[in-house]
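Okay, so here's the structure we're looking at.
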Amino acid sequence: SKLAALFEHPLYNIPIPEVTETDKLFVVNPMEKFSLRNSGSDEWVSSSKAETLLPTGKTAYDTYPTWLKFHVGINRYELYPRQDPLMPTLLRDLATQRIVSSVQKSGGTQLKLIMTFANYGQALFKPMKQTRDQETPIDFFYFSDFERHNAEIAAFHLDRILDFRRIPPVSGRLVNITKEIRDITTDKKLAKTFFISPAGNVCFYGECSYYCSTEHALCGKPDRLEGSMATLLPDKTLAKRRSWRSPWRRSYHKSKKAEWELNPNYCAQVRETPPYDRGHRLLDLIDMTVLDFLMGNMDRHHYETFEKFGNDTFLLHLDNGRGFGTHSRDEPSILAPLQQCCSIKKSTYLRLQLLATQPYRLSDLLREALATDPLAPVLAEPHLRALDRRLGKVLAVVGRCLAR
């Protein structure tokens with residue numbers, strides 16, 4: 001396994017600072033237990049509702065469902081650890097846990113559902129919009145592109161291979177539209193959009209500002225539909241998040257350009273603007289730029305951080321569905337922050353160099369990581385080959401900066 005060898009490499013074993021109580025997202029009551037209801041269902045209840053004795057040698061933490069262990073493990077420095085023992089179980093839960101509720105997520109431009117599992121875990125479901133080998137039409141603007149379910153899955157694994165670990169875990173899943181959405185939804189607006197197509201397939205389209213109409217309906221075969229299931233982060237009432245507008249945000253206009261596209265010295269003013277004037281925020285944003293260029297994502301208008309940790313923490317790389325739309329062309333403008341600032345973390349640069357070598361070739365690593373997903377193959381081969389080409393371009397930009 002190239003992946004196992006990568007995670008054993010010294011560059012992937014640089015220790016994070018010691019995590020103190022204030023560095024944890026949640027401080028947990030060590031006595032709070034969870035147990036299965038006696039009714040035979042697989043629902044979890046807290047110990048305040050069910051008095052149970054723990055098996056010998058077990059701690060209260062052992063009774064938590066995996067999604068809750070994931071939430072409890074988030075700290076100032078990482079969303080999840082490198083060698084996370086929870087990861088295989090968490091991904092399996094996303095793919096197999098019984099769905100008890102499906103409602104449309106409010107906001108956003110395209111249809112997404114929030115699905116709740118029997119163990120109270122929740123996931124964001126993005127349905128399949130196009131096949132693996134379809135490329136985004138060249139005349140599409142980036143802001144009207146489809147969101148792709150397989151891009152969400154691939155982005156999670158790519159982010160992990162780059163050792164950023166800033167995307168919540170994502171798994172592919174085959175969903176039964178009839179039993180796991182239509183029959184159990186309490187969302188009246190969503191329920192009104194279901195129909196049977198002339199081919200006899202179950203379809204729905206929801207309500208949103210793009211692609212929510214009978215012409216863009218999502219149809220099963222006859223009711224089976226692929227999609228991505230992304231672990232939801234803790235509720236914002238429990239862990240507030242701050243949304244930051246990216247300084248290199250695009251204009252989202254058909255003809256206007258953003259300031260950074262017109263001013264080659266734009267980075268100088270960013271460096272003088274909080275929070276980019278101190279700490280590692282600018283370098284973290286350049287990490288995100290590298291991730292976006294590798295997958296061809298032009299749609300990074302905002303990013304988020306956990307409010308508790310202030311400015312000294314990692315960025316959350318959420319909403320990656322517009323990645324992996326094209327493999328035959330690259331978008332150099334995504335690399336503007338790296339090109340204009342000529343800055344990159346040393347650790348990131350060393351890992352990128354490593355991923356350009358034969359034993360740790362990036363495309364091979366991502367192919368191996370995606371092979372375990374229920375919807376494998378997740379990416380068409382040309383997308384994997386494009387990663388190696390784009391990685392070479394990132395290293396070339398850094399090389400020019402070093403020469404300067």
Can you name the residue in region 83-92 that is assigned to a helix (DSSP H, G or I) and out of contact with any Ser or Thr (no Cβ under 8 Å at 6 or more places or on another chain) and, of all such residues, is surrounded by the most Cβ atoms within 10 Å (Cβ to Cβ)?
-> MET87
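Let's see how each residue does on (1) closer than 30 Å to GLN110 by Cα; (2) more than 16 Å from the chain's Cα centre (by Cα); (3) open to solvent by 30 Å² or more (accessible area, probe 1.4 Å):
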| residue | (1), (2), (3) |
| --- | --- |
| ALA230 | yes, no, no |
| HIS253 | yes, yes, yes |
| ALA258 | yes, yes, no |
| TYR276 | no, yes, no |
| ASN297 | yes, no, no |
Assuming VAL378 fulfils every condition listed in (1) farther than 18 Å from GLU8 by Cα; (2) open to solvent by 60 Å² or more (accessible area, probe 1.4 Å) apart from one, which condition is it?
-> (2)
Quick check: anything in region 63-77 more than 18 Å from the chain's Cα centre (by Cα), at pLDDT below 55 and of a type in the set (Val, Ile, Thr)?
-> no
Pick from region 298-319, criterion among the acidic types (Asp, Glu) and not in a strand (DSSP E or B), ranking: nearest to PRO127 (Cα to Cα) | ASP319
From the residues in region 173-224 that are closer than 24 Å to LEU94 by Cβ and small (Gly, Ala, Ser), which one is modelled with the lowest pLDDT?
-> GLY206
Which members of region 320-343 meet the condition of being part of a helix (DSSP H, G or I) and among the small types (Gly, Ala, Ser)?
-> SER333, ALA336
Yes or no: VAL28 among the aliphatic types (A, V, I, L, M) and either open to solvent by less than 50 Å² (accessible area, probe 1.4 Å) or modelled with pLDDT of 85 or more (or both)?
-> no
For residues in region 243-292 being small (Gly, Ala, Ser) and at pLDDT below 95, which is farthest from ILE161 (Cα to Cα)?
-> SER255
Any residue at all in region 202-221 that is among the basic types (Lys, Arg), within 29 Å of ALA154 (Cβ to Cβ) and assigned to a strand (DSSP E or B)?
-> no
If we scan region 136-158, do we find a residue that is touching a Ser or Thr at 6+ places or on another chain (Cβ under 8 Å), in a loop (DSSP other than H, G, I, E, B), closer than 25 Å to ASP287 by Cα and at pLDDT 95 or above?
-> no
Collect the residues in region 159-201 that are free of Cβ contacts under 8 Å to residues at least 12 places away in the same chain and either surrounded by 20 or more Cβ atoms within 10 Å (Cβ to Cβ) or in a strand (DSSP E or B) (or both), keeping them in residue-number order.
-> ILE196
Just name the residue that is nearest to GLU152 (Cα to Cα) out of those in region 345-404 that are in a helix (DSSP H, G or I) and either of a type in the set (Phe, Trp, Tyr) or at pLDDT below 95 (or both).
-> TYR360
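Yes/no matrix, rows are residues, columns are (1) within 16 Å of the chain's Cα centre (by Cα); (2) open to solvent by 60 Å² or more (accessible area, probe 1.4 Å):
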| residue | (1), (2) |
| --- | --- |
| PRO264 | no, yes |
| ASN320 | yes, no |
| SER328 | no, yes |
| GLN353 | no, yes |
| TYR360 | no, no |
| LEU366 | yes, no |
Criterion violated by ARG250 - all others in (1) in a loop (DSSP other than H, G, I, E, B); (2) charged (D, E, K, R); (3) more than 24 Å from LEU391 (Cβ to Cβ); (4) in contact (Cβ under 8 Å) with a residue 40 or more places away in the chain satisfied | (3)
Candidate set from region 93-134 (those that are of a type in the set (A, V, I, L, M) and modelled with pLDDT under 95); member that is most open to solvent (accessible area, probe 1.4 Å) = MET128
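The values are calculated or read from the model by the stated rules, or taken from the named source; none is laboratory data. Here the structure is a predicted model, which is why all the values come from computation and not from measurement. Every residue, glycine among them, receives a Cβ derived from its backbone with ideal geometry; neighbour counts consider all protein chains shown. Side chains included, ligands, DNA and RNA excluded: accessible areas come from the protein's heavy atoms. Shrake-Rupley method; radii C 1.70, N 1.55, O 1.52, S 1.80 Å.
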